[in-house]
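S.K.: Sharing a structure, written as structure tokens. Questions coming.
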Amino acid sequence: MRHVISATVQNVPGVLAHVSGMLASRGYNIDSLAVGETEDRGFSRMTFVLRGDDRVLDQVRRQLEKIVTIVRVDDISSRNYVERDLMLIKIAAPPGPERSHVKELADIFRGRIVDVAADSVVVEISGTEKKLEGFIELMRPIGILELVRTGRIAMVRGGPPTREQTEADDDGRSDEPSSARESLA
């Protein structure tokens, strides 16, 4: 089973290394990992994609919650959420019909050409993993020169959670600093 986990962490040096080291040392494979600042510069959000049953998820969650710099951990897999990946893909495309074909396919996938060279183009495309994989498969016969992807990012749909929802989601957890909880509510 695939789990998307969102962790709000204090924006301090070493958090990523600490978290990824903890997961690796316990033998958990991370399918995807993305980290970035939130609307509050004091916090970052880490989005992990892990595979495993509910027991594995529970173990990962408990281990993450032990890390002092982690403020909140949510498994958003079972909720209504939006997820996206970003990809840059360099494709062999000399001027002419081949380049026009790549541009047409990029347009169909709502991608955009962000760089043009004499014999190649770079396409930026964002969307679900399935969408990106579909574009990659169409580009293989043309010639992929280079490809880079971000980790998955995800957000629960709807408005921000109310303080009551946040406290209910915490399952009674009160070990996090109240100032951190309040700033997230």
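Residue by residue, here is whether (1) loosely packed, with under 14 Cβ neighbours inside 10 Å; (2) closer than 30 Å to Ile144 by Cα holds:
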site: Pro13; (1), (2): yes, no
site: Gly27; (1), (2): yes, no
site: Met46; (1), (2): no, yes
site: Arg51; (1), (2): yes, yes
site: Val71; (1), (2): no, no
site: Asp74; (1), (2): no, no
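S.K.: I've got another one for you. Kindly evaluate Ile113 against the criterion of being without any contact (Cβ under 8 Å) to a residue 12 or more places away in the chain and either surrounded by 14 or more Cβ atoms within 10 Å (Cβ to Cβ) or over 26 Å from Thr47 (Cβ atoms) (or both). Steps first, answer last, please.
M.R.: Values: without any contact (Cβ under 8 Å) to a residue 12 or more places away in the chain: yes; either surrounded by 14 or more Cβ atoms within 10 Å (Cβ to Cβ) or over 26 Å from Thr47 (Cβ atoms) (or both): yes.
Answer is yes for this residue.
S.K.: Taking the condition assigned to a strand (DSSP E or B) and either within 12 Å of the chain's Cα centre (by Cα) or more than 20 Å from Ile153 (Cα to Cα) (or both), does Thr47 pass?
M.R.: Values: assigned to a strand (DSSP E or B): yes; either within 12 Å of the chain's Cα centre (by Cα) or more than 20 Å from Ile153 (Cα to Cα) (or both): yes.
It is true that Thr47 is assigned to a strand (DSSP E or B) and either within 12 Å of the chain's Cα centre (by Cα) or more than 20 Å from Ile153 (Cα to Cα) (or both).
S.K.: OK, next. What are the residue pairs meeting all of these: first residue in region 98-110, first residue farther than 17 Å from Arg84 by Cα, second residue assigned to a helix (DSSP H, G or I) and not aromatic (Phe, Trp, Tyr), Cβ atoms under 6 Å, and 6 or more apart or on different chains?
M.R.: Filtered contacts from region 98-110: Leu105/Leu138.
S.K.: To continue, here is another question. With respect to Glu65, is the statement that it is surrounded by fewer than 18 Cβ atoms within 10 Å (Cβ to Cβ) and either touching a strand residue (DSSP E or B) at 6+ places or on another chain (Cβ under 6 Å) or small (Gly, Ala, Ser) (or both) true?
M.R.: yes
Values in this text are rule-based calculations from the coordinates and carry no lab data. Not measured: the values here are computed from a predicted model. So basically every Cβ, Gly included, is an ideal-geometry build from the backbone, and we count neighbours across all protein chains shown.
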